[in-house]
Amino acid sequence: MRLNFNFLFFKKKYFRNLLITYFVAVLIPALVISGIFLYFYSEETVLRISKNSNQDMHRIADRIGSMVDQMSDVAVRLSLTPGLNKAMSDPQNTSMYQYEQFVDILGQQRATNQLFDSMALFFRIDNRFLSTEVGFQSQEEYYDQGILALMEQNKDKSFWFANREMTAPGGERVDTITFAQKLPVLYQLQMGELIINVGKRAFANVIIPSDMQGDFLVLDNNNQIVVGNLTASSEKIGELIPNLGNPAVAKTVLIDGKKQFATQYQTEYNGWTIFEFTPYSVYSNQMHKEISKVLYICFMFIMIGAAVAGWFAFRMYRPWKRITNRLSENTAGDAIETSVVDEVIYVEKALSLIEDNIKRHEPILRDRLVFDILHNYIVDDEQLRVQLSNLEMIFPHQHFLVIVVQSSEELGEAAHSESYNRLFVFNLVLDSFKSLGAVYGTMMDAERFGFLLNLEEYGLNDTFRDRVRELCAELNRLAGTHLNISLQVSLGTFCSSLEDVYKSYFAAKRELLYRSVIGDNDVIFPSNTDSEKVSYPSHLQKKFIHASMNADEERALAAVRELFDHYVYSETLSRQKTQQIIIIFLSSTLYELMEEGFDLEEISEESILEIANAPNHKELKTRFFGFVNKIQSGIRRIKDKEENIYIKRAMQYMKEHYDQELTVTMIAEESGVSSGHLGRLFREEVGKSVLNVLTEIRMEASKPLLLADHMPLEQISRQIGYNDVHSFIRFFKKAEGVTPGEYRKIRMEAQQFEESTTDEKP
């Protein structure tokens, strides 16, 4: 039954559309991502083929360069051969024996390098060749007549080479690469030339790496094949060269019907061009493997996506089906079978009903639109203009001002229900401000209302301020009469467009954050005193703290009154800074009292914030006076219960540790109170300072030591906590009126007198 039930959904057009939409939303990204991945993988594969080919061609170029270096070395060695330069410059005076030696030298050079097929020396003065094959021959008799044209063609070059077909001594035609070097190498005047012929087969075996897998070609400067294993005609190769573009990147070419990747490289030594041809199958095999993986992953992803699309379509169709069923049930006489007719019919009917309801609830929609404008929730200007036109909200002028009204009490606690009271206040304010211009409002929360006022003039002049004060005074009179509440009215800044109205709203709202320094029915205009410097009332704080610690409540309250007169009521500072001063005053006072040892459990940070968040300055002053009473009661409690404890702790600690080097701070820390507070307690309760009491304890401890075994004064001073004997003598004389030595002498004489008197008695 479940499967049949789900299958019935496919008969619904809307369900099918949802299913197709979700499936396409899955399919298209899967195909796009797969295509992008395969594209980049294809590019990466081509680059990998190019990299491998470039590495092979670099190796070939390096080997060609090595061969050129070897031939240059042979030319240098021949130039340094004794007698050769003289023979070239003066061949007539050179004996045949010397020429035979030169032939042997050439033969030795050829024997050391089996790559060389033949070598010859050309003597330019007498136009004769000296070769390893035929010995001495004149220019006309020399077997390789083709070299003469090449020598004439390259007579201005010190080193040249040629890819050619030469005639061997036996008349055989041989594919050869000829290298020629002017001799002597180290002279400016060239008198001869070294000619080395290398067979192409041997040349290819040397320069081509054995592990090279693709076909290759080496072309000379005339695009003629030097060596290679690619079976293609020279015409095909000539057509290929200008079409490769970037030589470092492999390009697909078609040679003799076979598709291949071609990469080229030009050598630095002789300008030859090296080609490597990689079979296209290398690329296609890798791509086929990767495409198979991607297709498998894509298939699995699409299958999962199809299942998810079906689940989403089913979930999204369920509320739509409930809506159409409800519409079908509630359209008496117009019930339509949903299995036959498209569900869109029901949505169209619902929209028609919504349009009718909009017309009946325009005031509510206006309230919501004003709410959105004040909070800058409108992002489409065209949409805003359409909504204003539909709701017949007309703003004839270009200047706007936001007014925020806040009740001093919970509206639900007034004479009637909360909804009635809120509506009463809303309409009361709306009617009051209509005299200023077009005005529309909204209910922000339980106690706050926002109104958008459209004005002809820009700016808060005195006439406008007086008019607003008159309206607000009448507004508060009516609110007090009917609901027994007061209203605080805050005005924002002027703006010249609806897009900036939210700035005016937040300016008006920000001023109400400091309502604790405002009267309960004040009109709050934008503050313009923010630039003034704040003069913190530190003298009043000291006065307040001193009076509090001395339990002088009247002086403490006088300091509070002076604070309110100079900062809260005078309005010389901005409301924000005034409230900051109040909070700092409360917090600093509490901190200073705690530093002095008064741990006031009755007051916490939350209570300070509660004071600072009073609804008006009248309630702020009342709470501030309560703060003073809590401080006074807390200090009296501490003084009554804890002062003697601190003194006892200090006295006990000094009696037990008088023999150590002590400070008032150390004694206070051990007693659990600050040094200042401990000193004040001693002066008030004991009548002496802490150090005076410590000195008395030490002096009493020194007296028994002065009478015991004539102990040195230095030792006595160390045992009672003085490192300096002079300090001990000074404090002892100040306390007893005599020095320690004099005291010891007097006490010893008195003791001896008492002993003698005792002995004389019968």
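The values are calculated or read from the model by the stated rules, or taken from the named source; none is laboratory data. Predicted model, so just to flag it, every value in this text is computed and none were measured. No Cβ is skipped: glycine too gets one built from the backbone with ideal geometry, and neighbour counts run over all protein chains shown. Accessible surface is based on the protein model in full, side chains and every heavy atom, while ligands, DNA and RNA are left aside. Shrake-Rupley method; radii C 1.70, N 1.55, O 1.52, S 1.80 Å.
Here are a few things to note about the model shown:
- The charge dipole of segment 44-186, taken about its Cα centre with unit charges on the Cβ atoms of Lys, Arg (+1), Asp and Glu (-1) only, comes to about 480 debye.
- Accessible surface, per residue, of segment 83-188 when the full set of protein chains is kept, probe 1.4 Å, Å²: 52 Å²
- Stretching Y420 away from V32 to a fully extended chain increases their span by 133.7 nm, per 0.36 nm per residue minus the current alpha-carbon distance.
- Among the listed pairs K258/K293; K655/K703; K200/K259; K542/K618, those with a Cα-Cα distance over 21 Å are K258/K293; K200/K259; K542/K618.
- In this simple spin-label model, placing a label point 7 Å from the Cα along the Cα-to-Cβ direction at both E669 and I302 gives a separation of 7.9 nm.
- The packing ranking of peptides 300-307, 155-162, highest mean first, is 155-162, 300-307, where packing means the average number of other beta carbon atoms within 10 angstrom of each residue.
- Accessible surface computed residue by residue for segment 370-492, with neighbouring protein chains in place and a 1.4 Å probe, gives 48 Å² per residue.
- With a cut-off of 12 Å on the backbone N, the residues of segment 85-104 near the modelled label site 7 Å out from D126 along Cα-Cβ are 87-100.
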